[in-house]
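I have placed the structure first, in the form of structure tokens, so that the comments after it can refer back to it.
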Amino acid sequence: MVNFNYTHYKLQPIYRFSIAFIFFSLAVVSRFTFLTHATGGPFVTFYPAIILSFYFCGTFPGAMVAVLSGLAGSYYFIPPYNHFSTLIHISYAIVFFSITSALIGFFISRLHRYIEETNVILDNEMIGSMMIRDRKIVWCNKAMSTILGYSQSELLGSSTKMLFADEAMYETIGRNAYPLKNGTPYRIQLEMKKVDGHKVWIDMSGSAIPYDTGLSLWLVNDISKLKALESELKHQVDHDFLTGLHSRSWFMEQATIELHRASRFNTPLSLLMLDIDFFKLVNDTYGHQTGDIALKSVAQFMQKNLRDFDMCARIGGEEFVILLPQTNQDKAHEVAERIRLFIQNTPVQRPEIKVPLPTGESSLQLTVSIGLSSLSSKEDSIDDLISKADKALYQAKHTGRNRVCVAGLPDSQSTEL
């Protein structure tokens, strides 16, 4: 893009005044050599010189050319070119050119200011911006290079397709965004591809240019850090910080979806409630640090005995819940027994704890009690399954612990050690 302020800002005053004087000299030569008897000669020759001087050289050089043009143009007002009255004095010519030149200077100064503000807004290193025609980049600022790693020369003339991490997204934007409508920006968040192949999350907004329907301005903001933070926060919300299992809120949301699927397709669904036996005693005897290790170990033991699509969460304290899709009561009972026996027969190692157990042992033996419920009616909700499994867990706790109890079955039919 041409920087029209270059001369105004970069050149020393002596050079700017010199350039302005050259503009005036060319105007004088044209006026009194080629347009000697032409009516309106000053307007044809001097005004372009005044405008160019104001625009490219600044206020003071422009004012100098205006005054000189007034003096030179006075010949248009007095003999031998007197198109007005012979009584008009040379000062009138100077006043005429001064007033009109002042107006020119005012509007050009306003134009300069708007250009300066636009340049500051667009040509920054934080918010990327690019002009696009026929989905090719015709102009871009420094921030686009910062965000994507390409040089500005590499981006100019290139198709925007090379920037998209997903070709399908490129086609989607082509269908949905174009043609852009005046006054209706198109905004989207997507992944773009940097020059080194890495992906970067972008918040992008495109607006049509009113005077050219084929041209559009796009603003690009790198939101990778925001997306990473968003992902981290979502992970913290969806997961238990200690065990790494899913949280209660995540479990309830996903379990409800799975329950609706089971009811719709008439497939079995079972739920397990699991509680570590005598966990308070573990904390009181060995300390909360050992209790935390016990919780993490039980979580790992459960995951080793579950399928990839089974859902497991810690719902509070030493209580865990497991959802078993496509699993009837008998199969769920087998899973519960497998988990119970695995925990019972796998000592919890504590090599990372420097303080030994009071007994001098390096491991801890844990057991769990499990309550089981299964979907029996399309009217059942997740809360119903949890309530039934919780009652079965309560039954297991009060009939000796380290056992599996099934909701709706008498104590004698529960499985125990």
Practice item. Can you give me the ranges of the strands (runs of 3 or more DSSP E) entirely in segment 151-238 with at least 1 residues that are open to solvent by less than 90 Å² (accessible area, probe 1.4 Å) and touching a Gly at 6+ places or on another chain (Cβ under 6 Å)? Key: 186-193, 212-222
Exercise for review: Would you mind stating whether Thr267 is assigned to a helix (DSSP H, G or I), hydroxyl-bearing (Ser, Thr, Tyr) and more than 37 Å from the chain's Cα centre (by Cα)?
Suggested key: no
**Study point:** Test for Ser297: is it modelled with pLDDT of 95 or more, open to solvent by less than 30 Å² (accessible area, probe 1.4 Å), of a type in the set (Ser, Thr, Tyr) and outside any loop (DSSP other than H, G, I, E, B)
**Key:** no
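Rundown of residues vs (1) within 28 Å of Glu318 (Cβ to Cβ); (2) among the basic types (Lys, Arg), yes/no style:
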{"residue": "Leu215", "(1), (2)": "no, no"}
{"residue": "Leu226", "(1), (2)": "no, no"}
{"residue": "Phe241", "(1), (2)": "yes, no"}
{"residue": "Leu269", "(1), (2)": "yes, no"}
{"residue": "Lys280", "(1), (2)": "yes, yes"}
{"residue": "Ile293", "(1), (2)": "yes, no"}
{"residue": "Lys296", "(1), (2)": "yes, yes"}
{"residue": "Gln300", "(1), (2)": "yes, no"}
**Study point:** Leading residue by the ranking (nearest to Val65 (Cα to Cα)) among those in segment 97-126 that are outside any helix (DSSP H, G or I) and open to solvent by 60 Å² or more (accessible area, probe 1.4 Å)
**Key:** Asp123
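Looking at segment 85-96, is at least one residue at pLDDT 80 or above, farther than 30 Å from Trp218 by Cβ and exposed (fewer than 13 other Cβ atoms within 10 Å of the Cβ)?
Let us first name the residues in segment 85-96 that are at pLDDT 80 or above, namely none.
For segment 85-96, residues at pLDDT 80 or above, farther than 30 Å from Trp218 by Cβ and exposed (fewer than 13 other Cβ atoms within 10 Å of the Cβ): absent.
Going through segment 180-204 one residue at a time, which ones are out of contact with any helix residue (DSSP H, G or I) (no Cβ under 9 Å at 6 or more places or on another chain) and over 19 Å from Lys161 (Cβ atoms)?
Residues of segment 180-204 that are out of contact with any helix residue (DSSP H, G or I) (no Cβ under 9 Å at 6 or more places or on another chain), as a first pass: 180-185, 187, 196-198.
Lys181, Asn182, Gly183, Thr184, Pro185, Arg187 - these are the residues of segment 180-204 that are out of contact with any helix residue (DSSP H, G or I) (no Cβ under 9 Å at 6 or more places or on another chain) and over 19 Å from Lys161 (Cβ atoms).
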Exercise for review: Tell me which residues, restricted to segment 107-139, are out of contact with any helix residue (DSSP H, G or I) (no Cβ under 6 Å at 6 or more places or on another chain), of a type in the set (Lys, Arg) and within 26 Å of Gly149 (Cα to Cα).
Suggested key: Arg133, Lys136
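The values are calculated or read from the model by the stated rules, or taken from the named source; none is laboratory data. Since the model is a prediction, treat every value here as computed from it, not as a measurement. A quick note on method: Cβ atoms are made from the backbone with ideal geometry, for glycine too, and the neighbour counts reach across all protein chains shown. Protein only, heavy atoms only, side chains kept; ligands, DNA and RNA dropped before computing areas. Shrake-Rupley method; radii C 1.70, N 1.55, O 1.52, S 1.80 Å.
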